[in-house]
1. Below 19 Å, Cα to Cα, which lysines can Lys485 reach? Residues fewer than 8 away in the same chain don't count.
2. Once amide H atoms are placed 1.01 Å from N in the peptide plane, what residues at a sequence separation of 5 or more from Ser171, or on another chain, have their amide H within under 5 Å of its amide H?
3. Charges at C-beta only: +1 for Lys and Arg, -1 for Asp and Glu. How large is the resulting dipole of region 296-417 about its Cα centre, in Debye rounded to 20?
4. Does region 202-251 come out rounded, prolate or oblate by the C-alpha gyration tensor, with a ≥ b ≥ c the root eigenvalues, rounded set by a/c under 1.5 and, if not, prolate when a/b is larger than b/c and oblate if not?
5. Under 18 Å between alpha carbons, and skipping anything fewer than 8 positions from Lys430 in its own chain: which aspartates and glutamates qualify?
6. What is the calculated FRET efficiency for Phe47 to Ser469, with r their C-beta to C-beta distance and R₀ = 45 Å, to the nearest 0.05?
7. Would you mind giving the three semi-axes, in whole Å and largest first, of the ellipsoid equivalent to region 702-776 according to its Cα gyration tensor?
8. Towards the positive end of the charge dipole of region 227-336, with charges on Cβ (+1 Lys, Arg; -1 Asp, Glu), say which of Gly281, Val227, Val317 has the farthest Cα.
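None of the figures in this text is laboratory data; all of them are computed from the coordinates on show. The shown structure was predicted, so the numbers you read here are calculated from the model rather than taken from an experiment. Cβ coordinates were reconstructed from backbone atoms using ideal geometry, including for glycine residues, and neighbour counts include every protein chain displayed.
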Amino acid sequence: MPSAPLATVSTPPAEATPPAEDTVDWTARLISPDDDFAGAPLLRTEFTLEPGHGPVTAAVLHATAHGVFEAHLNGARVGDDVLSPGWSSYEWRLRYRSYDVTDLLAVGEDPAPIVLGLALGNGWYRGRLGWSGGRDYYGDELGALAQLEITYADGHGQRVVTDTDWRAGPSAVTANDLYDGQDVDARLASDDWLRPGFAADGWVGVHVGERDLTTLEPYSSPPVRRVGERVPERIWTSPSGRTLVDFGQNLVGWVRFTVQGPAGSVITLRHAEVLEHEELGTRPLRSAKATDRLTLSGDEDFFEPTLTFHGFRYLEVDGWPGGLTADDLTAVVVSTDLERIGTFECSDELLNRLHRNVVWGARGNFVDVPTDCPQRDERLGWTGDLAAFAPTAVYLFDSSDFLRDWLRDLDAEQRHADGMVPFVVPDVLKYLEHPPEFPAPDSTAVWSDAAVWVTWAVYQAYGDVSVLSDAYGAMAAHVRRVASKVSPTGLWDTGFQFGDWLDPTAPPEDAARAKADPGVVATACLVRSADLVAESARLLGRDEDATFFADLAARTRAAFVEHYVLDDGTLRSDAVTVYALAIVFGVLDEAQTARAGDRLAALVAEGGHHIQTGFAGTPFVTDALTLTGHLDDAYRLLLQTECPSWLYPVTMDATTIWERWDSMLPDGTINPGEMTSFNHYALGAVADWMHRTIGGIAPAEPGYRRVRVAPRPGGGIVWARSSLQTPYGEVAVSWTDGPDGLTLDIEVPDGVTADVELPGGPVAELSAGAHHLEPVPAG
């Protein structure tokens with residue numbers, strides 16, 4: 001039988017070519033089907049090429065949707081993107097994709113009809129979002145908007161647009177939701193709707209929907225694509241008699257297969273990240289069903305559920321006809337298609353596994369929006385997670401356009417919330433009824449600081465000052481808003497704070513009950529954000545603002561020292577996180593910093609070099625130890641394998657970063673807390689320290705025009721290799737620590753200067769080229 005709609009086709013896809021700016025003269029209108037058709041309608045129109053103008057020399061299809069769409073032209077799938085147009089702050093910006101489809105219309109002056117078709121699904125626009133079970137937050141109707149621009153040899157133009165002449169009909173998809181999965185009835189599958197002259201029995205008309213065309217924006221971020229595949233590593237029967245499949249890697253995407261079986265029989269796929277008691281561990285999914293179903297036609301059926309995605313390593317298969325083998329199933333990895341630019345490897349294989357887990361965690365959570373997790377009934381763009389992880393993200397991937405696109409949504413949400421940066425972007429929480437135990441949204445340290453910290457990370461990595469000018473309004477508005485909320489003491493100790501979220505000492509049911517005083521955490525964060533906005537203002541020539549924010553940072557420092565530095569030199573709450581933030585954010589003077597470093601090292605040692613930090617402290621604790629002369633403690637903390645630690649999950653066969661330090665308990669049972677994700681990148685922020693301190697690569701100037709090469713060996717690691725594709729070319733560093741000292745090889749691209757700082761030695765300046773440094777004392 002023909003392959004089902006919304007499936008891969010063999011015709012090479014048209015490449016998407018988003019314009020540099022929005023120059024589309026929109027005459028198309030958003031159209032919605034008169035019948036919803038189970039949330040997966042098909043839309044089509046027929047047209048002919050206009051004769052007498054020669055062959056088609058150029059054709060571009062601009063398309064978007066309320067929901068998600070896949071476009072078809074002249075019988076072929078357009079583009080290789082999936083889940084377009086993704087999730088943006090739909091109220092104020094809806095992105096569209098632009099595809100070069102010239103090759104699909106290279107038919108000479110053939111007058112035969114051509115079909116332009118669009119297949120829709122619920123996606124983020126109308127599907128379930130959040131943990132309360134609600135949907136339709138942005139609208140209750142699916143819709144599509146498309147404009148095909150055709151240019152002929154003589155310069156004549158033809159335009160095919162969505163309007164009320166289009167028709168709508170059913171697909172083989174009978175249910176679709178990002179959280180719950182997708183159902184397909186292969187008995188209904190047909191490609192006939194893509195052929196000219198289709199009878200369209202049972203099809204209905206369309207009507208014009210509501211969409212302000214001025215809110216349409218071209219894509220600036222790379223699209224979501226299929227970026228990899230995996231085959232089963234093991235298939236077996238569980239104690240309860242279930243057929244289980246292990247793909248060997250916690251990934252994000254779906255399972256694809258071709259199968260033949262009795263007509264009307266159903267194959268059911270349930271997805272989960274882990275096993276518990278030798279069965280599929282579905283409790284962490286909460287209400288997300290994460291289940292796909294295919295009803296067989298009796299012929300050979302192809303199945304690829306592209307209107308959903310799952311976070312999973314394990315699969316439970318029910319109803320498979322005959323014996324299931326590894327050749328039958330393929331796991332398709334889906335992610336925003338970001339170029340990998342940074343690498344890291346060292347002599348410690350557990351650290352290498354940790355680093356690979358960080359990479360997989362980023363890949364799985366960068367599905368159009370940088371999310372907290374990809375599997376349960378959440379998958380939201382939590383600002384605090386990205387604030388922690390952005391410096392790691394910008395090293396691993398060329399994520400500039402991806403993050404800048406997200407910052408546009410942050411700006412849009414903030415402008416409509418009195419300057420408040422929400423907890424999640426896009427902010428669907430504003431539509432949810434807040435449970436009594438959940439705080440009313442307000443400016444919150446780390447989370448709201450994402451407006452500043454993410455922007456600064458992008459600027460440091462890629463050196464493009466326009467990211468500061470584009471985001472400056474959001475950065476400044478956030479800090480001004482916080483400045484209006486400080487108490488008379490000058491401290492940010494008012495209102496709700498997430499604080500050091502998921503401190504391992506916090507009880508499973510109350511992740512905010514950390515040891516670190518939330519006021520200390522928030523006030524330190526205000527110092528950092530005010531400093532960064534002051535520096536941004538200076539770079540942008542906003543001298544008055546630079547003075548204002550620098551003065552705010554100075555006042556906040558003074559208030560912090562007055563109220564939080566105790567007489568014995570300790571900090572209020574005497575927690576690892578408060579020392580880490582105070583040191584790294586430059587809150588203390590030189591003598592206070594030295595004392596804080598010693599106290600931090602003592603606390604880390606007293607804790608047996610186990611993790612004692614959550615989302616706020618974890619990105620900074622190893623840096624704080626390193627900056628204050630306690631490198632050995634930083635390595636011992638990093639290399640700890642007992643829970644809680646970065647490597648404990650690795651010893652438990654984790655293949656991504658966990659949400660909790662003990663998401664899985666040592667006995668193999670799942671943490672009893674309601675929030676338990678096994679793919680949550682925030683705590684993987686330590687990779688940033690690994691890149692700079694073990695790998696030895698850091699920007700000495702934004703964008704790596706000058707690069708700092710300063711590896712600091714320790715922890716028994718005897719070699720490391722790292723590389724980074726900077727805006728000027730690849731920087732590569734390789735070192736070996738042997739009996740005679742440290743041997744270092746460096747590759748510096750043209751136009752870049754390297755400041756090389758080896759342990760115990762002076763700083764050396766190297767120009768472009770390959771450099772080999774003979775052993776020097778390791779220090």
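1. By straight Cα distance, Lys485 reaches no lysines at all.
2. For Ser171, whose amide H was placed from the backbone, the distant partners under 5 Å are Leu42.
3. So the magnitude is around 600 debye.
4. Oblate shape, in that a/c is at least 1.5 and b/c is the bigger or equal ratio.
5. Output for Lys430: Glu91, Asp136, Asp140, Asp372, Asp377, Glu378, Asp409, Asp411, Glu413, Asp418, Asp442.
6. Using R0 = 45 Å, I get an efficiency of 0.55.
7. Ellipsoid half-lengths, sorted descending, are 22, 12, 11 Å.
8. It is Gly281.
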